[in-house]
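Read the structure below first, then the notes.
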Amino acid sequence: MNKLTTQEIVEMNREYTFFSWSVQGQVNPIPVERAEGIYFWDTDGKRYIDFSSQLMNTNIGHQNPRVVKAIQDQAAKLCFVHPGSATDVRGLLGKKLAEVTPGDLKKTFFALGGSEANENAIKIARFFTGRHKILARYRSYHGATHGSIALTGDYRRLAVEPVMPGGVHFLDPFCYRCPFGQKPESCKRECISHLEEVIKYEGPDKIAAIIMEGVVGSNGLIIPPDDYWPRVRELCDKYGILLISDEVMSGWGRTGKWFAVDNWGVTPDIITTAKGITSGYVPLGAVIVSEKIAKFFDDKYLYAGLTYNGHALACAAALATIEVYDEEHLIQNAVTQGKYLGEALEDIKQRHVSVGDVRYIGLFSTIELVANRQTKESMPASVMAEIGKKLRQDGLFTFIMANNMGSMVFVVPPLCITQTQLDEGLAIVEKALEIADELIK
C-alpha cells in the first residue's frame, strides 16, 4: 500500500468517518503518525505536547514498552475467547482490581468503555435494590449511550431526549460558582441539604443509587469540599441508597490516589472505571461492586452481557498498565508534580487578568477564563477558539471547553511528566492566555 499524504489522510477521514461531538463539516483533525511519552507527532513531523492525555486517559504516557509488549505477547497467544470462558488474565485482573479499590469492593463486570460500565452499573443497582431512580449531578458526564446519557447533566443530554426514564439531577458543590450563592467562608453546605431535600421529594424508597464522578472532569473539573463525599455517603446509608463513584476519568492515579474517592476516605458501593485502566492502549471498562452486591447474584440471574466481556487482550493490557503505575511510581509522581503544577497555576492566575479560577488535584487541573473577574462572565467561545488555534500552532494539544458550563483550558498531562516538561507546556499556555488578556485590556 502506498503511503498516504497528510492531505489524503485528513480528507479520507473526513469523507468516510464521523468525528465525536462536532459539526462534521468544521472538523480539522490532527493527522497523528506516532507518539511517545508526553509527546505525539503529526504526519508532517510536527511535535505536540499532550496536555490532556489525549482524552484524559493516556495516564502512563504514550507507547510504554512494557504495555506494548504485554499486548504483543497476549496477541500471539490468545486475542479473544467466548465471554463465558475463564482466562488467566481475566482472573488475575479481577483479583488486582479487588486489591487496588477501596474497602470491600471485590467483584468486577468487564465492559469496553466508561459508558458501557455505567450502563451496567445502572442495571446492577436496580436489580440489587429493586428500585428505579438514579440521582446524578447537573455538571456531570457519564457517557453517550441510552442510560449513561440520561444520567449526564450537561447539554449533550438535551439534544437526544427523550432518554431513559428514572434519571434525576441535583445541583453541584461548585464553590467558584456556588449555585446557592454562598461564599466559602460562610458556606453551610447547602449542596448537602439540597441533595437530601431532593431525595425526600423523589422518595428514598424509589432511589436505587446516587452516581457522581470522583472529581467532575470535562464539565469543569470540580473538586468538592473535603466533607462532601463523606456526607453523601452518610445520606446513602441513612436512606438505603447505593453510592456509585464514576472513576472513568478521575481514577488511576489522576488525582494522586488510585481513585479520586480515596482522597476522602470513602468506600462507594460500586466503582465504574475505564480510560486509565489500560491508558487507552486497548478499550476496557469495569464495574467493581462490593461483596454484598456480588453475593446477591450468587443465586440470581445477572441480566447483563457483552460479547467482549473479559476480553483477553484488554485484560492483559490492564494488568501491565497497573504494573506500570506501581513500579514506575506514577501515582507518587502525580502527587509531586501536581503540587508543583498547582503552585504554577496559582502564579498564572495572579499574572493573567483573564483567569478567573484555577482548580487542581494531582495532575487533574483546569484554568477557567472569564471576561470579567467580578461578574465571572465566561470568556466568549470565539476567544476560546483563538486560544485553541494558538496552542495548536505552538505545538500543544489539550481539551478546551467553551459552552454553558464555562470556558476553560484543561491541563491534564500524562502522569509520567517531568517538571521541565510541565514548564515547557505551561509556557505555551501562557502565550495563548495573552489573547484573552488583551480582550479585557
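Of all residues being assigned to a loop (DSSP other than H, G, I, E, B) and under 25 Å from H329 (Cβ atoms) in the range 268-289, which is nearest to the chain's Cα centre (by Cα)? Just the residue, please. So that I can check it myself, show each step before the final result.
So the first thing to find is which residues in the range 268-289 are assigned to a loop (DSSP other than H, G, I, E, B), and the list is 268-269, 274, 278-284.
Within this subset, residues satisfying the condition of being under 25 Å from H329 (Cβ atoms) are 274, 278-282, 284.
Numbers: A274: 9, T278: 13, S279: 12, G280: 12, Y281: 16, V282: 16, L284: 14 Å.
In this case the residue turns out to be A274.
What residue, among those in the range 213-257 that are hydrophobic (A, V, I, L, M, F, W, C) and part of a strand (DSSP E or B), is surrounded by the most Cβ atoms within 10 Å (Cβ to Cβ)? Let's see the steps before the verdict.
Step one: filter the range 213-257 for residues hydrophobic (A, V, I, L, M, F, W, C), giving 215-216, 221-223, 229, 232, 235-236, 241-244, 248-249, 252.
Next cut, part of a strand (DSSP E or B) only: 242-244.
Values: L242: 25, L243: 22, I244: 29.
Out of the qualifying residues, it is I244.
May I ask you to verify whether S407 is among the hydroxyl-bearing types (S, T, Y), without any contact (Cβ under 8 Å) to a residue 40 or more places away in the chain and outside any helix (DSSP H, G or I)? It would help to see each step written out before you state the result.
Working: among the hydroxyl-bearing types (S, T, Y): yes; without any contact (Cβ under 8 Å) to a residue 40 or more places away in the chain: yes; outside any helix (DSSP H, G or I): yes.
Yes.
Can you name the residue in the range 173-196 that is out of contact with any Phe, Trp or Tyr (no Cβ under 6 Å at 6 or more places or on another chain) and within 25 Å of T267 (Cβ to Cβ) and, of all such residues, is surrounded by the fewest Cβ atoms within 10 Å (Cβ to Cβ)?
S193
Would you mind stating whether L97 is modelled with pLDDT under 95 and not hydroxyl-bearing (S, T, Y)?
Considered against the rule, which asks whether it is modelled with pLDDT under 95 and not hydroxyl-bearing (S, T, Y), L97 comes out as no.
Which number in (1) surrounded by 18 or more Cβ atoms within 10 Å (Cβ to Cβ); (2) in contact (Cβ under 8 Å) with a residue 60 or more places away in the chain; (3) not hydroxyl-bearing (S, T, Y) marks the one condition that P83 misses?
(1)
Name the one entry in R139, R131 that is assigned to a loop (DSSP other than H, G, I, E, B), over 29 Å from S378 (Cβ atoms) and either touching a residue at least 24 places away in the same chain (Cβ under 8 Å) or in contact with a Pro (Cβ under 8 Å, 6 or more places away or on another chain) (or both). So that I can check it myself, show each step before the final result.
Working: R139 fails: over 29 Å from S378 (Cβ atoms).
Answer to the selection: R131.
Filter the range 145-186 down to residues that are under 21 Å from A117 (Cβ atoms) and of a type in the set (A, V, I, L, M, F, W, C), then give me how many there are.
Going through the range 145-186, the residues under 21 Å from A117 (Cβ atoms) turn out to be 145-154, 156-157, 160, 163-169.
Filter again for of a type in the set (A, V, I, L, M, F, W, C), leaving 149-151, 160, 163-164, 168.
The qualifying residues number 7.
Quick grid of which residues meet (1) exposed (fewer than 14 other Cβ atoms within 10 Å of the Cβ); (2) within 23 Å of M401 (Cα to Cα); (3) among the basic types (K, R); (4) in contact with a helix residue (DSSP H, G or I) (Cβ under 9 Å, 6 or more places away or on another chain):
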| residue | (1), (2), (3), (4) |
| --- | --- |
| V10 | no, no, no, no |
| E15 | yes, no, no, no |
| S22 | yes, yes, no, no |
| Y48 | no, yes, no, yes |
| P65 | yes, no, no, no |
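Return the only residue of K133, K183 being of a type in the set (K, R) and out of contact with any strand residue (DSSP E or B) (no Cβ under 7 Å at 6 or more places or on another chain). Give the steps one after another, and end with the answer.
Numbers: K133 fails: out of contact with any strand residue (DSSP E or B) (no Cβ under 7 Å at 6 or more places or on another chain).
Going through K133, K183 in turn, just one is of a type in the set (K, R) and out of contact with any strand residue (DSSP E or B) (no Cβ under 7 Å at 6 or more places or on another chain): K183.
If a residue must be part of a strand (DSSP E or B) and without any contact (Cβ under 8 Å) to a residue 24 or more places away in the chain, how many such residues does the range 371-401 contain? Please lay out each step first, then the result.
If we filter the range 371-401 for residues that are part of a strand (DSSP E or B), which is where we start, we get 371-372, 377-378, 396-397, 400-401.
Adding the requirement that they be without any contact (Cβ under 8 Å) to a residue 24 or more places away in the chain leaves 377, 400.
Count: 2.
Could you check, for the range 385-399, whether at least one of its residues is surrounded by fewer than 19 Cβ atoms within 10 Å (Cβ to Cβ), over 29 Å from P31 (Cα atoms) and over 23 Å from the mean Cα position of the chain (by Cα)?
No, there is no match, as no residue in the range 385-399 is surrounded by fewer than 19 Cβ atoms within 10 Å (Cβ to Cβ), over 29 Å from P31 (Cα atoms) and over 23 Å from the mean Cα position of the chain (by Cα).
Taking the range 21-44 as the region of interest, how many residues are in contact (Cβ under 8 Å) with a residue 60 or more places away in the chain and at negative phi? Full working, then the answer.
Of the residues in the range 21-44, the ones in contact (Cβ under 8 Å) with a residue 60 or more places away in the chain are 21, 30, 37-38, 40.
This time we only want the ones that are at negative phi, so: 30, 38, 40.
Summing the residues that are in contact (Cβ under 8 Å) with a residue 60 or more places away in the chain and at negative phi in the range 21-44 gives 3.
Report those strands (runs of 3 or more DSSP E) wholly inside the range 1-112 carrying at least 1 residues which are in the same structural domain as M408 (by TED's automatic domain parsing) and not aliphatic (A, V, I, L, M). Explain how you work it out, then say what you get.
Working: elements: 32-36, 39-42, 47-50, 105-111.
The strands (runs of 3 or more DSSP E) meeting that bar are 32-36, 39-42, 47-50.
One residue is enough: does the range 191-201 have a residue meeting the conditions closer than 30 Å to N64 by Cα and of a type outside the set (K, R)?
First pass over the range 191-201, keeping only residues closer than 30 Å to N64 by Cα: none.
Checked the range 191-201: no residue is closer than 30 Å to N64 by Cα and of a type outside the set (K, R).
The values are calculated or read from the model by the stated rules, or taken from the named source; none is laboratory data. None of the values given here were measured: they were computed from a predicted structure. Using ideal geometry, Cβ is built from the backbone for each residue, glycine included, and neighbour counts are taken over all protein chains shown.
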